[in-house]
Amino acid sequence: MQTLRFLASCGVLIFLSAGCPGHLAAQSQTTPVNIPIAYLTQHTKTLPPLSLADQPTENNGLMGARLGIEDNNTTGKFTGQNFVLSEAVVAEDGDIAAAFRDLYGKGNRFFVIDLPETQLLAIADLPEAKDALLFNIHAKDDDLRNDKCRANVLHTIPSYAMLADGLAQYLIWKRWANWLLVTGTGEDDKLFADALRHAAEKFSATIVEERVFDAEPGARRTDTGHAQIQKQMPVFTQDAPDYDVLVVSDVRDAFGEYLQYRTWDPRPVVGTQGLFPTAWHRSQEQWGATQMQNRFARFAGRWMTERDYAAWVAARVVSEAATRTKAADQLTVSAYIRSPEFGVAGFKGQKLTFRDWDGQLRQPILLATSRVLVSVSPQEGFLHEFSELDTLGYDRPDTTCKFQ
């Protein structure tokens, strides 16, 4: 009777999962296919936090890759795939190329690259990298998606143009079309300022005036504190033509935070401080993101950053493609990732896909303050013949990318 009951219940299992003792035994004997993914970064000097309220972020990017591998293996238990992460954190004066070659020699063909543009290109142009797939999770430079694009590089971090366009759409939706642009002297400050100018032209905003703020980041926190800043910032923003919003490009976070509530005219501050565009933010809780936020906080002991998110997405992209193709080799997986059939979920309300003309991941841009999500771009009314996400960044007719 017990045997009959077991067989009867097994019949239900056959109906539901096509499995019984023989099937389960066969499944347990299957050896998982290992799919290695490598994470490569380099130590760099970082500025001290602007405020004591800011805590340094440990393993920025790396923790996202680690969680992505953990999520991959949750699925991999059922698909017979095992994802393994190799990590290389190179010293500040270390040899990035040697680290890449070492990872490559160990069988890695999928790489999460957490490096600035110059180092990324140096890796992408190595002979060994020609049959590897590199995911850029760090460099936002627009020329990486244009004249410096590489066929073996995909970008899961948004470009400066995508971020600027996402912000610009919201400002136009608010009818804040007249901007005072304030730019820092850092190279990244200039790159984002270029993207903001491009966005202003693209969406018919007017930059009424541009000003440069020459700040020494190392002297951000001084004993003179708020008293000096309270006098300095109103004078710096005085006598500007009439404007709706102050747009700041201070990627280094050297001075932009000090502009809020201190401008000569009472105007909102947006850009890299104030209301800012980002790939991910700790306040994001729509489309199931609360679950993601809580999992990452338990896993890493801190909030997820946009570099963590870009690294997590990169790992998930490989898993999604490997699962769909039932393959582990770089050529098959890469071809599927670039195909029209590919898409990956990213807690942003819609499927994320890659642009075939520059390798950029299409994704909504979050607009947030320090504690609150304000909006998500693309904004309502900004239409596109293929995908509204292609209103963010360089569209196919605008790109100068010719894959090398």
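For Val84, the amide hydrogen comes within under 5 Å of the amide hydrogens of Ile35, Ile37, counting only partners 5 or more places away or on other chains and with H modelled in the peptide plane. Under a 5 Å amide H cut-off, with hydrogens placed 1.01 Å from N, Asn178 pairs with Thr206, Asp244, Val245 among residues at least 5 apart or on other chains.
Bridge orientation summary for the chain: considering DSSP beta bridges with both residues in this region, about 20 percent are antiparallel. Among the listed values [x] -0.28, -0.98; [y] -0.40, -1.12; [z] -0.52, -1.28, the one computed from these coordinates for log10 I(q)/I(0) by the Debye sum over Cα atoms at q = 0.06, 0.12 Å⁻¹ is [x].
Share of carbon and sulfur in the accessible area of the chain stands at 53%, probe radius 1.4 Å.
With contacts taken as Cα pairs under 8 Å and at least 6 residues apart, segment 89-178 reaches a relative contact order of 22 percent.
Of the peptides 335-345, 127-137, the order by per-residue mean of other Cβ atoms within 10 Å, starting with the highest, comes out as 127-137, 335-345.
Packing, taken as the mean count of other beta carbons within 10 Å per residue, orders the peptides 243-256, 48-61, 272-285 from highest to lowest as 243-256, 272-285, 48-61. For segment 152-212, just say rounded, prolate or oblate: build the C-alpha gyration tensor, square-root its eigenvalues into a ≥ b ≥ c, call rounded for a/c under 1.5, and beyond that prolate if a/b exceeds b/c, oblate if not. Taking the square roots of the gyration eigenvalues as a ≥ b ≥ c, segment 152-212 is oblate. On the principal axes of its alpha carbon atoms, segment 261-321 extends 51, 24, 21 Å, with the longest extent given first. In the structure shown, the pairs Lys140/Lys202; Lys351/Lys402; Lys174/Lys231; Lys148/Lys190; Lys148/Lys326 are assessed against 23 Å; a Cα-Cα span above that value is assigned to Lys351/Lys402; Lys174/Lys231; Lys148/Lys326.
Please work out the FRET efficiency for the pair Thr185 and Val33, using the Cβ-Cβ distance as r and a Förster radius of 51 Å; give the result to the nearest 0.05.
0.50
A crude spin-label estimate for the pair Asp242 and Val374, with each label 7 Å from Cα along the Cβ direction, gives 2.2 nm.
The values are calculated or read from the model by the stated rules, or taken from the named source; none is laboratory data. Keep in mind that this is a model prediction, so the values were computed, not measured. Backbone-built Cβ (ideal geometry, glycine too); neighbour counts: all protein chains shown. All accessible areas refer to the heavy atoms of the entire protein, side chains included, with ligands and DNA or RNA removed. Shrake-Rupley method; radii C 1.70, N 1.55, O 1.52, S 1.80 Å.
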